[in-house]
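**Student:** This is the structure I want to talk about, given as structure tokens.
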Amino acid sequence: MFLADTSSPAVSWNLLADFQQMWAYPFMVNAFRAGAIVSVVCAAVGWFMVLRRQTFAGHTLSVAAFPGASLAILLGVSTSLGYFGFCVAAALVIAALGRKGRDAGAEESAVTGTVQAFALACGYLFISLYKGLLEGPTALLFGSFLGITTGQVTLLAIVGALVLAVLAVIGRPLLFATVDPEVAAGRGVPVRLLSTVFLVLLGAATAEASQITGTLLVFALMVIPAATAQQLTSRPGRSLALAVLIGFGSCWLGLIAAYYQPYPLGFFVTTIAFTGYVLAHLGRALHEALGWSRSRGRTPLSIGGTA
Amino acid sequence: MDPSARSTGPKSGAEPVLSLRGAAVRVGGRTLWSGVDLTVGAGEFTAVLGPNGVGKSTLVKVLLGVLPAAAGEVRVLGGVPGARNAAVGYLPQRRSFDASVRIRGVDVVRLGLDGDRWGIPVPGLGRAKRRAARERVAEVVELVGASAYAHRPIGQCSGGEQQRLLIAQALIRRPQVLLLDEPLDSLDLPNQSAIAALLGRICHQEGVSVVMVAHDVNPILHHLDRVVYIAEGGAVAGTPTEVITSETLTRLYRTPVEVLRTSDGRLVVVGQPEAPALHSDRHSEPGAGGGHVSG
């Protein structure tokens, strides 16, 4: 999975030349294309996931990608089919079993955990059934950017465009249903339906990310950019755009690093994103510490109107 | 006074904003209340009172058209309930945002305006519309006196601040009726009276009819035009001085109830049946079931 032996490239720090050198390899072009698509889709979907506090559901869906891919390899069909099929199916299972009533958070997390355990067990079974010829579950779990075909990139682009289109249509009601479900329901927003549709989008997005970062590092592209952006601003539009930017940046920087260094891609993407998160957190803590001392003498609660 | 006495009509001769005639509701095969007659005119402040579990929130749901009335006639803004919900603002029972919610107060208010609309606005188009929306948000935030903290993440606002922002959210589409379910619940006393004053002002100055389910009548007492006291079986509606009296409540609950007025003008209802009353002798259990007008 390492690239060190291909050409032992070195950074010239002339960005144009470096990119020309990297993009001389078709597999690198595909890797950058796939990375761009996946990081944008995942950041957008992940932004809603973080706001909805469904990171556990997101993790479970990404784990479902593991048996999906290993079964696809076992059966000799396209791994993409396995990724998307299993992730979307797991999303529907979680949607059908969980959230029967209001405030069913505890029950939902139990259902989600159950699905996750079963998915991992199945994945392990499929790997052992395949016996040896599979070079090991490492690539499935921790990702790889080698050997992404143009066909796969096309599929990623089509699914990604679909996910973004649906998200654009349902975005505002979904935000309403996330922040304030009861009032949204009172205004005629189909809260339950939106929740199911969102889980399916989440399934599709995690399936996309699994093919780049591996199933265990999906959060590098789904959670970290959104969490970082929400640290930096509380304006919804701005923080969504920032999440997309951070996701895209970490992914491409990770790809560049992985091209020049003999260590796995998932590590670089995650580390870059994580560094950004830590910096954002420190920055906000510092900002609040300064702001706190400034607003010590805050005016008391204003009483609007005459009492 | 007859327990089902119909309150007098609205101040003007115009069609009432809300009217219930002999209304009843059944939930799970059980009749919660019946024979409720109520008329609310424009710009009137009405409180819905009664013991726990009697179906006060259910009344709000009937007015929203979420639950059908089992009998009688219910009209909201001249139509069947639910038909004109665009002109009805609704504030559900106490909900709060915890500290980690990274969405500003103004965004929550804005969602009340167009949060149910599908699709995203096309950049460059509808600029005037967007400016109008922004101005409306600022206007309604100013109305509830929340301008100082509306741009902070709502999770960092206090309970009273959040409640003001949620009232702004309910008001943003200029509703003619505002339905609130226990909006003062779990607020401290200064905030209770501040929010009550705000609602009184919205009602009497902006001409919005306010119907509010309340636990304690005292914080809102001097803003009220009308109260509805719901009991199992029936209800009484009228002005507070007509309804919150020993005679009326005794007849409504068919058990001795005493209404006392403290020196600072607060009302205390003694003997109201939270649980079925066992004693028929009026003076055998002084203070039993005492407390403020509660329900």
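**Student:** Looking at the stretch A:205-228, which of its residues are open to solvent by 10 Å² or more (accessible area, probe 1.4 Å) and under 18 Å from A:Leu155 (Cα atoms)?
**Tutor:** Listed by number, the list holds a single entry, A:Gln211.
**Student:** Can you find even one residue in the stretch A:90-100 that is small (Gly, Ala, Ser), out of contact with any Lys or Arg (no Cβ under 9 Å at 6 or more places or on another chain), farther than 30 Å from A:Tyr260 by Cα and at pLDDT 90 or above?
**Tutor:** So far as the stretch A:90-100 goes, yes, one or more of its residues are small (Gly, Ala, Ser), out of contact with any Lys or Arg (no Cβ under 9 Å at 6 or more places or on another chain), farther than 30 Å from A:Tyr260 by Cα and at pLDDT 90 or above.
**Student:** A further question on this structure: Out of all the residues in the stretch B:192-211, is one or more at pLDDT below 85 and of a type outside the set (Gly, Ala, Ser)?
**Tutor:** No, there is no match, as no residue in the stretch B:192-211 is at pLDDT below 85 and of a type outside the set (Gly, Ala, Ser).
**Student:** Criterion first (touching a residue at least 12 places away in the same chain (Cβ under 8 Å) and touching a helix residue (DSSP H, G or I) at 6+ places or on another chain (Cβ under 9 Å)) does A:Ser239 satisfy it?
**Tutor:** yes
**Student:** When B:Ser186 is evaluated against the numbered criteria (1) under 26 Å from A:Leu51 (Cβ atoms); (2) facing another protein chain (nearest Cβ under 9 Å); (3) open to solvent by 10 Å² or more (accessible area, probe 1.4 Å), which criterion, by number, is the only one it fails?
**Tutor:** (2)
**Student:** Mind listing whichever residues of the stretch A:20-37 are among the aliphatic types (A, V, I, L, M) and closer than 21 Å to A:Thr270 by Cβ?
**Tutor:** Result: A:Met22, A:Met28, A:Ala31, A:Ala34, A:Ala36, A:Ile37.
**Student:** Can you pull out the residues in the stretch B:214-227 that are surrounded by 24 or more Cβ atoms within 10 Å (Cβ to Cβ) and in contact with a Lys or Arg (Cβ under 9 Å, 6 or more places away or on another chain)?
**Tutor:** The answer is B:Ala214, and nothing else.
**Student:** Now for a separate question. Scanning the stretch A:244-263 for residues that are of a type in the set (Phe, Trp, Tyr) and within 14 Å of A:Val29 (Cα to Cα), which turns out nearest to the chain's Cα centre (by Cα)?
**Tutor:** Here the answer is A:Trp252.
**Student:** So which residues in the stretch A:148-161 are in a helix (DSSP H, G or I), open to solvent by less than 60 Å² (accessible area, probe 1.4 Å) and more than 19 Å from A:Leu201 (Cα to Cα), if there are any at all?
**Tutor:** Once the filter is applied, which keeps residues that are in a helix (DSSP H, G or I), open to solvent by less than 60 Å² (accessible area, probe 1.4 Å) and more than 19 Å from A:Leu201 (Cα to Cα), the stretch A:148-161 yields only A:Gly151.
**Student:** Specify which of the listed residues (A:Leu164, A:Leu194, A:Leu175) is within 11 Å of chain B (Cβ to nearest Cβ), open to solvent by 50 Å² or more (accessible area, probe 1.4 Å) and in contact (Cβ under 8 Å) with a residue 12 or more places away in the chain.
**Tutor:** A:Leu164
The values are calculated or read from the model by the stated rules, or taken from the named source; none is laboratory data. None of these values were measured; they are calculated from a predicted model. Cβ atoms come from the backbone with ideal geometry, glycine included; neighbour counts cover every protein chain shown. We work out accessible area using only protein heavy atoms, side chains counted, and drop any ligands, DNA or RNA first. Shrake-Rupley method; radii C 1.70, N 1.55, O 1.52, S 1.80 Å.
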